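Each remark here refers to the structure printed beneath this line.
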Amino acid sequence: FSNTYRMIEQDDFDIHTRLHTIVRGEDEAAMVESVGLALVKLPDVLNRLKPDIMIVHGDRFDALALATSAALMNIRILHIEGGEVSGTIDDSIRHAITKLAHYHVCCTRSAEQHLIAMCEDHDRILLAGCPSYDKLLSAKNKDYMSIIRMWLGEDVKTRDYIVALQHPVTTDIKHSIKMFELTLDALISFNKRTLVLFPNVDAGSKEMVRVMRKKGIEHHPNFRAVKHVPFDQFIQLVAHAGCMIGNSSCGVREVGAFGTPVINLGTRQTGRETGENVLHVRDADTQDKILHALQLQFGKQYPCSKIYGDGNAVPRILKFLKSIDLKEPLQKKFCFPPVKDNISQDIDHILETQSALAVDLGGTNLRVAIVSMKGEIVKKYTQLNPKTYEDRLALILKMCVEAASEAVNVNCRILGVGISTGGRVNPREGIVLHSTKLIQEWSSVDLRTPVSDALHLPVWVDNDGNCAALAERKFGHGKGIENFVTLITGTGIGGGIVHQHELIHGSSFCAAELGHIVVSLDGPECLCGSQGCIEAYASGIALQREAKKLHDDDLLLVEGMSMKEEEIVSAAHLIQAAKLGNKKAESILRTAGTALGLGVVNILHTVNPSLVILSGVLANHYVNAVKDVINRQALSSVKTVDVVVSNLADPALLGAASLVLDYTTRRIY
């Protein structure tokens with residue numbers, strides 16, 4: 001509606017030429033005439049401008065005229081936001097511009113793959129993210145209430161209003177008008193303050209405006225109908241809305257940056273990648289369906305989604321532009337099948353490694369690392385784990401923010417955050433349900449929400465034993481193995497079970513608490529309150545307890561050993577004493593190994609894995625004892641199981657990283 005160019009003027013750009021090309025009529029013929037009018041006027045403008053590169057954005061019909069003119073006049077074209085899929089004529093226009101363009105800047109990994117499948121040269125494709133996300137993720141307007149009141153009234157509160165933006169579907173105009181009528185009826189019934197933006201100028205928009213006026217939307221007390229909202233203000237309006245409804249691409253793209261609930265109506269955005277904040281109503285053919293969707297979505301708050309960008313698109317695009325050699329041949333080349341096997345980013349000037357931010361919450365230390373797709377720990381940060389909930393959460397956020405900032409400097413793109421923590425975890429909600437005694441004040445803790453809000457990244461959380469199993473599945477001995485078990489032998493005893501390539505969590509997220517398998521009815525007391533658990537015999541804490549008893553009775557130290565007066569007795573001293581011939585220390589370690597072995601036999605008889613992986617600092621001391629117990633005690637059908645020691649240095653961090661890397665690079669977890 002003739003407003004967008006004013007925003008360009010406000011940004012202090014010198015506009016060389018203004019062309020009026022939109023033919024009024026808002027029908028299919030008017031769209032064709034608009035393209036034709038632009039094609040008539042553009043050659044003269046381009047002859048005067050003589051641009052080195054024409055930047056064409058998006059998939060509108062006027063952009064097609066630009067790309068066609070530039071291609072026929074031998075001007076290089078850089079197309080932004082190609083490769084995406086939606087449900088209207090925009091798809092055809094977008095892909096047509098792709099075939100005319102020489103260089104491509106896309107927003108998502110799927111879009112990049114689509115461009116490659118369309119035979120575009122991979123070396124001329126940049127996966128940058130959506131430029132608008134640079135603005136969205138840095139939008140912090142403390143005075144957003146004044147913007148909300150200006151557009152919606154003085155009495156409106158945050159999360160208590162709706163933004164509605166619906167356009168005609170040019171391939172099914174009649175149905176889209178009917179759907180708009182049903183949407184307005186549902187909004188009237190829902191009885192919430194609503195900002196309604198006029199539709200765009202595509203064919204069918206004139207009829208949609210008639211529907212608005214027929215229903216009195218412009219004069220209804222609950223509605224504010226507007227033709228244009230400045231982008232900076234629109235950001236604040238959707239960021240603090242209780243819901244957005246309609247079929248605009250901004251609903252499935254930009255609004256995800258804020259976690260605002262979205263109701264996507266009809267087929268206009270079919271094929272678009274969306275975050276979990278989007279509820280699709282494909283067949284919006286009744287008022288009740290739309291009303292029910294409003295009741296489900298209104299007022300919710302979802303994790304922020306960064307499917308379409310991480311806030312660094314513009315710097316990447318600038319690097320890409322600077323790398324273009326204007327002396328190279330203009331003739332466009334197509335890369336016909338077979339498509340390259342390796343479709344990862346390989347542009348020399350912007351080498352970025354897909355990576356995860358991994359967090360390991362241990363009993364003593366809090367560690368954060370940047371982990372690459374190949375399992376390389378690019379950078380690691382370690383701090384003592386604070387004793388209180390407030391201090392611990394504050395430190396997690398601080399370390400994650402610092403690591404995410406540093407990732408740019410080491411050319412790593414963070415896809416998400418994975419958190420490994422002790423205790424029972426609900427991975428679906430990202431909540432620590434119950435903690436171990438080693439981590440205080442750590443029960444009923446929502447970790448996903450604060451970390452996601454702070455970093456604008458998706459967040460996954462799981463138990464440290466499960467993470468160790470995931471690390472083995474992706475980077476270790478478990479790679480390609482259908483059924484295996486990982487046992488962590490450290491301060492405590494934990495583990496994870498992978499069955500048919502999937503991690504088992506159990507009905508109450510208590511599966512694979514392997515340290516609490518009971519191997520003796522009258523054994524030593526465990527930290528869980530029971531007796532005779534594997535952990536009460538074989539954990540680092542159990543060995544330290546036995547070492548202290550020997551030391552108190554002057555039975556620990558043997559020839560070749562010495563301890564400083566202030567030195568704390570540990571499991572390491574017991575192991576050293578056993579190596580130097582201390583019979584009592586040997587007996588304790590033998591008992592611990594037997595207890596662990598009996599636990600493994602129980603596991604073999606229960607889930608029948610083909611592989612058992614011992615992980616942690618005590619694994620090497622136990623592996624032979626476990627094999628001996630299996631040979632003596634196990635059924636013959638499971639004695640052939642392989643028992644190996646993990647070769648991973650940091651299974652907790654690697655497992656936390658695999659939560660992210662497996663999911664974001666295609667949905668294994």
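The values are calculated or read from the model by the stated rules, or taken from the named source; none is laboratory data. On a predicted model such as this, the values are computed, not experimentally measured, just so you know. Every residue, glycine as well, gets a Cβ built from its backbone with ideal geometry; the counts of neighbours run over all protein chains shown. When the accessible area is computed, the model is the full protein with side chains, heavy atoms only, and any ligands, DNA or RNA have been set aside. Shrake-Rupley method; radii C 1.70, N 1.55, O 1.52, S 1.80 Å.
Brief remarks on what is shown
- Only one entry in Thr170, Thr158 is part of a loop (DSSP other than H, G, I, E, B), crowded, with 17+ Cβ neighbours inside 10 Å and of a type outside the set (A, V, I, L, M, F, W, C), namely Thr170.
- Restricting region 241-278 to residues that are open to solvent by 30 Å² or more (accessible area, probe 1.4 Å) and part of a loop (DSSP other than H, G, I, E, B), the residue that is farthest from Ile89 (Cα to Cα) is Glu276.
- Scan region 230-240 for residues that are open to solvent by less than 10 Å² (accessible area, probe 1.4 Å) and either in contact with a Lys or Arg (Cβ under 6 Å, 6 or more places away or on another chain) or of a type in the set (Phe, Trp, Tyr) (or both) and the total you get is 0.
- Hey, Arg224 open to solvent by 50 Å² or more (accessible area, probe 1.4 Å) and either of a type outside the set (A, V, I, L, M) or more than 19 Å from Thr4 (Cβ to Cβ) (or both) or not: yes
- Some residue of region 382-393 being within 30 Å of Lys319 (Cα to Cα), touching a residue at least 24 places away in the same chain (Cβ under 8 Å) and outside any helix (DSSP H, G or I): no
- Here Ser110, Ser69 are screened, and the one residue that is closer than 25 Å to Gln354 by Cβ and either part of a helix (DSSP H, G or I) or open to solvent by 30 Å² or more (accessible area, probe 1.4 Å) (or both) is Ser110.
- Any hit, region 13-23, residues being charged (D, E, K, R) and at pLDDT below 95: yes
- When region 279-304 is limited to residues that are touching a helix residue (DSSP H, G or I) at 6+ places or on another chain (Cβ under 6 Å) and open to solvent by less than 20 Å² (accessible area, probe 1.4 Å), the one that is modelled with the lowest pLDDT turns out to be Ala284.
- Flag if Arg24 is surrounded by fewer than 19 Cβ atoms within 10 Å (Cβ to Cβ) and closer than 30 Å to Ile173 by Cα: yes
- Checking Glu33 against (1) more than 27 Å from Arg76 (Cβ to Cβ); (2) assigned to a helix (DSSP H, G or I); (3) open to solvent by less than 70 Å² (accessible area, probe 1.4 Å), the condition it does not meet: (3)
- Check on Glu402, open to solvent by 60 Å² or more (accessible area, probe 1.4 Å), part of a helix (DSSP H, G or I) and not aromatic (Phe, Trp, Tyr): yes
- Those residues of region 456-487 which are on the phi > 0 side of the Ramachandran plot and small (Gly, Ala, Ser), in sequence order: Gly480
- Taken as a whole, the structure places Glu390 among residues that are within 20 Å of Val461 (Cβ to Cβ) and acidic (Asp, Glu).
- Qualifying residue in region 449-457 (condition: touching a Ser or Thr at 6+ places or on another chain (Cβ under 8 Å) and farther than 27 Å from Ser646 by Cα): no
- Flag for Arg210 being basic (Lys, Arg) and in a loop (DSSP other than H, G, I, E, B): no
- In the set (1) more than 15 Å from the chain's Cα centre (by Cα); (2) on the phi < 0 side of the Ramachandran plot; (3) of a type in the set (Asp, Glu), Asp453 fails one condition alone, (1).
- Per-region count, region 421-436, residues surrounded by fewer than 19 Cβ atoms within 10 Å (Cβ to Cβ) and in contact with a Gly (Cβ under 9 Å, 6 or more places away or on another chain): 2
- The sole residue among Ala595, Ala577 that is in contact with a helix residue (DSSP H, G or I) (Cβ under 9 Å, 6 or more places away or on another chain), modelled with pLDDT of 95 or more, farther than 30 Å from Ser372 by Cβ and open to solvent by less than 10 Å² (accessible area, probe 1.4 Å) is Ala595.
- Residue match in region 281-304 (condition: under 20 Å from Met212 (Cα atoms), in contact with a His (Cβ under 9 Å, 6 or more places away or on another chain) and not aliphatic (A, V, I, L, M)): yes
- Selection over region 546-574 of residues that are under 24 Å from Val518 (Cα atoms) and open to solvent by less than 20 Å² (accessible area, probe 1.4 Å) gives a count of 3.
- Restricting region 10-41 to residues that are β-branched (Val, Ile, Thr) and closer than 26 Å to Gly204 by Cα, the residue that is farthest from the chain's Cα centre (by Cα): Val40
- So Ser530, is it open to solvent by 30 Å² or more (accessible area, probe 1.4 Å), farther than 30 Å from Ala404 by Cα and among the small types (Gly, Ala, Ser): yes
- In region 460-492, the qualifying residues are those that are open to solvent by 10 Å² or more (accessible area, probe 1.4 Å) and β-branched (Val, Ile, Thr), and the one that is farthest from Ile575 (Cα to Cα) is Ile481.
- Taken as a whole, region 183-193 holds no residue that is open to solvent by less than 30 Å² (accessible area, probe 1.4 Å), of a type in the set (Phe, Trp, Tyr) and in contact (Cβ under 8 Å) with a residue 60 or more places away in the chain.
- Considering (1) open to solvent by 60 Å² or more (accessible area, probe 1.4 Å); (2) assigned by the TED database to the domain that holds Ser405, the lone condition that His501 does not fulfil carries the number (2).
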